[in-house]
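> Here it is, the structure, as structure tokens.
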Amino acid sequence: MDFQLRDPLETASRLRSWLTDVRGLTDVEVGEPTIPAGTGASNETVLFDASWAGPAGPERHHLVARIAPTSYVVFPDDTFALQFHVMRALAEASSVPMARMHWFEPDISWFGAPFWIMERVAGLIPSDTPPYASAGWLADASPEQQRQAWVSGVRALAGIHTTALADLDVPAGLLVPPDDPVGAELDRYERFLAWAEEGRPFELARDALAWLRRNKPSTPVDAPALCWGDARLSNLIFQDFEVAAVLDWEMASVGDPLLDLGWWIFADETLTTGPGVNRLPGFPSRDETAALWQSVTGRPTDNLDYFEVFAGLRFTVIMVRIGKLVVDMGFMPDTFPYDNMVSQALRRVLSQV
């Protein structure tokens, strides 16, 4: 599958027209945007600078436009509007470091899909490729700085989970706690798996789903919370080893926040030992991480093992979809969607429970 990048000059012209005609701004200037290669499998990303008239003269902004995918989609549910409203609500009503969210545009006539615009946050992001544990600014940092980044990330995660749902100003019906949050998430990913399989049952994922249903915690979730969904280092922007912004909310939901803590731990383990490298020496252990999160949230971590398996299932299902995309693009063999470092990590955690 071939993603065609948008023409930068045409994109700049459309953004200028939208800021002028829809937002009513004056003296708008938009510089030539940067459109990263590979954009489009989740949301398209357009980086651009713009200026417009303000009370004290021209105001210059470093901005990001995110455009809903128009070709291959990774997730079966349309969460594009949810992402914007959750990010804006957190930026306005919580201590969680967030980018400032400007506007949401549902009209598809501008770019063929809805889009939103937010401020661009300067900083560094831990890399997935190459893995942040093997190379890059975080691998080059001292153990003390590595620990600082990790702890800051866990505190940001806990900040999400300690933000009251009632404090988040989102459209009615957008963040409604299910009667059975864990069961609802299991149902959600069973539907996702069936959609991603495309008639080819994935035995490992089916086994994990069956285990999760058999071993579902009997104790109800104590006060469902906002869950980030894709809780990992590579979705954070850092400044001086402190979190400056939490990114990527495609998987946001209301449920047991151990969904996020389990994902945080599973993702780090998978993205380090999976490629055959060691965890960074400054990173706290699993137990230290759980204790830190518990100390901030006041929530128990007794069922963390369960949610690490759940993270493995969720990540594996997502990799089926992403894997099929990279196979279609000729980057990987046909077996990749079903045999990759994520599915291998799921197999490992299943064997340990």
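> Taking 7 Å along the Cα-to-C-beta vector as the label spot, tell me the Asp27-Ser285 distance in nanometres, rounded to one decimal.
For Asp27 paired with Ser285, the spin-label model returns 6.1 nm.
> Bins of 5 Å, beginning at zero and ending with the bin holding the largest distance: percent of Cα pairs per bin for region 45-112, please.
P(r) over region 45-112, rounded to whole percents: 3, 12, 18, 21, 21, 15, 6, 2, 1, 0.
> Mind giving me the nanometre distance, one decimal, between the label points for Asp179 and Asp7, set 7 Å out from Cα along Cα→Cβ?
5.5 nm
> Per residue, what accessible area does the chain have, given a 1.4 Å probe and all protein chains present, in Å²?
Accessible area per residue, the chain: 44 Å².
> Shifting gears a bit: So if I average 1/r over every pair of distinct C-alpha atoms in region 1-120 and take the inverse, what Kirkwood radius in Å does that give?
One decimal place: 15.1 Å for the Kirkwood radius.
> Next question. So for Arg200, Arg299, what's the accessible-area order with a 1.4 Å probe, most first?
Reading off the accessible areas and sorting them downward yields Arg200, Arg299.
> Given the -39500 (n - 2.57) contribution per DSSP H run of 4+ residues, what per-residue ellipticity at 222 nm results for the chain, rounded to the nearest 500 deg cm²/dmol?
When only DSSP H runs of four or more count, the value is -13000 deg cm²/dmol.
> If you build the convex hull over the alpha carbons only and average its shadow over all orientations, what do you get for region 227-353? Give it in nm² to one decimal.
Projected area, direction-averaged: 8.9 nm².
> Apply the Kirkwood formula to region 296-353: the hydrodynamic radius equals the inverse of the mean of 1/r over all pairs of different alpha-carbon atoms; give it in Å with one decimal.
12.6 Å
> Right, here's the next one. What size of dipole, in debye to the nearest 20, comes out for region 240-331 about its Cα centre when the only charges are +1 on Lys and Arg C-beta atoms and -1 on Asp and Glu C-beta atoms?
That gives a dipole near 300 debye.
> Which log10 I(q)/I(0) values, to two decimals, does region 103-238 give at q = 0.08, 0.09, 0.19, 0.20 Å⁻¹ under the Debye formula with one point per Cα?
Computed log10 I(q)/I(0) values: -0.37, -0.47, -1.23, -1.21.
> Also, quick follow-up: Please list, in order along region 228-238, the HN-Hα scalar couplings obtained from phi with the Karplus expression 6.51 cos²θ - 1.76 cosθ + 1.60 (θ = phi - 60°), rounded to whole Hz, x for Gly and Pro.
Here the 3J(HN,Hα) series is 5, x, 9, 7, 8, 4, 6, 10, 10, 9, 10 Hz.
> What figure, in Å² to the nearest 10, do you get for the accessible area of His61 with a 1.4 Å probe and non-protein molecules left out?
Here the accessible area works out near 30 Å².
> With +1 on each Lys and Arg Cβ and -1 on each Asp and Glu Cβ, how big is the dipole of the chain about its Cα centre, in debye rounded to the nearest 20?
400 debye
> Here's something else I'd like to know. Suppose we take every Cα in the chain and form the convex hull; what volume per residue is that in Å³?
149 Å³
> Rounded to two decimals, what is the ratio between the C-alpha radius of gyration of region 170-310 and 2.2 N^0.38 Å?
Relative to the 2.2 N^0.38 Å estimate, region 170-310 comes out at 1.12.
> Go ahead and collect, in residue order, the members of region 87-115 whose backbone nitrogen is under 18 Å from a label point 7 Å along the Cα-Cβ direction of Leu47.
The answer is 99-100, whose backbone nitrogens lie closer than 18 Å to the label point.
> In the chain, which helices (entire DSSP H runs) extend 18 Å or more along their own long axis, judged by Cα positions, while averaging at least 0.0 on the Kyte-Doolittle scale?
Length and hydropathy pass: 80-93, 258-273, 304-328.
> In whole percent, and with a 1.4 Å probe on the protein chains, what portion of the accessible area of the chain is carbon and sulfur?
50 percent
The values are calculated or read from the model by the stated rules, or taken from the named source; none is laboratory data. What you are looking at is a predicted structure, and each value in this text was computed from that prediction instead of being measured. Reconstructed Cβ throughout: ideal geometry from the backbone, glycine too, with neighbour counts over all protein chains shown. All accessible areas refer to the heavy atoms of the entire protein, side chains included, with ligands and DNA or RNA removed. Shrake-Rupley method; radii C 1.70, N 1.55, O 1.52, S 1.80 Å.
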